[in-house]
1. Is at least one residue of the range 142-149 touching a residue at least 60 places away in the same chain (Cβ under 8 Å), in contact with a Leu (Cβ under 7 Å, 6 or more places away or on another chain) and closer than 21 Å to Glu75 by Cα?
2. Checking the conditions here, which among Ile153, Ile171 is in contact (Cβ under 8 Å) with a residue 40 or more places away in the chain and either outside any helix (DSSP H, G or I) or within 18 Å of Gly186 (Cβ to Cβ) (or both)?
3. In the range 7-27, is there at least one residue being among the polar types (S, T, N, Q) and within 25 Å of Glu120 (Cβ to Cβ)?
4. Evaluate the range 113-129: report whether one residue or more is over 28 Å from Asp17 (Cα atoms), without any contact (Cβ under 8 Å) to a residue 12 or more places away in the chain and surrounded by fewer than 12 Cβ atoms within 10 Å (Cβ to Cβ).
5. Which condition from (1) surrounded by 16 or more Cβ atoms within 10 Å (Cβ to Cβ); (2) more than 19 Å from the chain's Cα centre (by Cα); (3) assigned to a helix (DSSP H, G or I) is the one that Asp55 breaks?
Amino acid sequence: MGTTDPRIARTRATVLDTAAAIVVEQGTAALTVDAVVARSGVARSTIYRHWPTRDDLLVDVFEYCVPSLDTPPPELGFEAAMRQFLHAVVGHLADEKWNRMLPALMALKAYEPTLARVEERMEQRQGKISADLFTRGEHEGLFGPELDPSRAIALLVGPLVFAALSGETPITPELADASLANFLAGLSRPDPAR
């Protein structure tokens, strides 16, 4: 859907906000074009003109709600930049809307290839940021090129995602700081997996 016409942009935002609210409140099974029409007041024909199927709408809802993470400023060293990145992750995971949509995305990606692509694009964007961060750490001599960035980011972000999904512990900047401290402490110990 183009965004040059402000009316189209407003209609698109209304449909996607409404659809996201339905997913958050009732789950993905409740997302139907009829439910969006009833709640948003946007005509069924308008919705179908831009989203030919309910699955197309569902994919765009997830795309619309995926948090945007920014690369920390280049003047920050690895630890400060990673802390800023992890605090941003905490902010997104603590957001009620994204916190409720993330489990649905994770569950549905196995059955809906289009949703798997949404997660892939999200991971690619985050991968570019983490690659930049790990390059900073390598330049600082914290680790060498043998560091596996995918494994390292899993060790850093994994505790935060677990907290979000399980509700076992609050998702706070302090949790992010603890994750970073554990990661940095692990750099000074030999890797038991080797």
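Since every read-out is calculated from the coordinates, none of them should be taken as a lab result. These numbers were taken from a predicted model, which means no experiment stands behind them. Virtual Cβ from ideal backbone geometry, glycine too; neighbours counted across all protein chains shown.
1. Yes, that holds for at least one residue.
2. Ile171
3. Within the range 7-27 (the criterion being among the polar types (S, T, N, Q) and within 25 Å of Glu120 (Cβ to Cβ)), the answer is no, since none of the residues qualifies.
4. No, because not a single residue in the range 113-129 is over 28 Å from Asp17 (Cα atoms), without any contact (Cβ under 8 Å) to a residue 12 or more places away in the chain and surrounded by fewer than 12 Cβ atoms within 10 Å (Cβ to Cβ).
5. (1)
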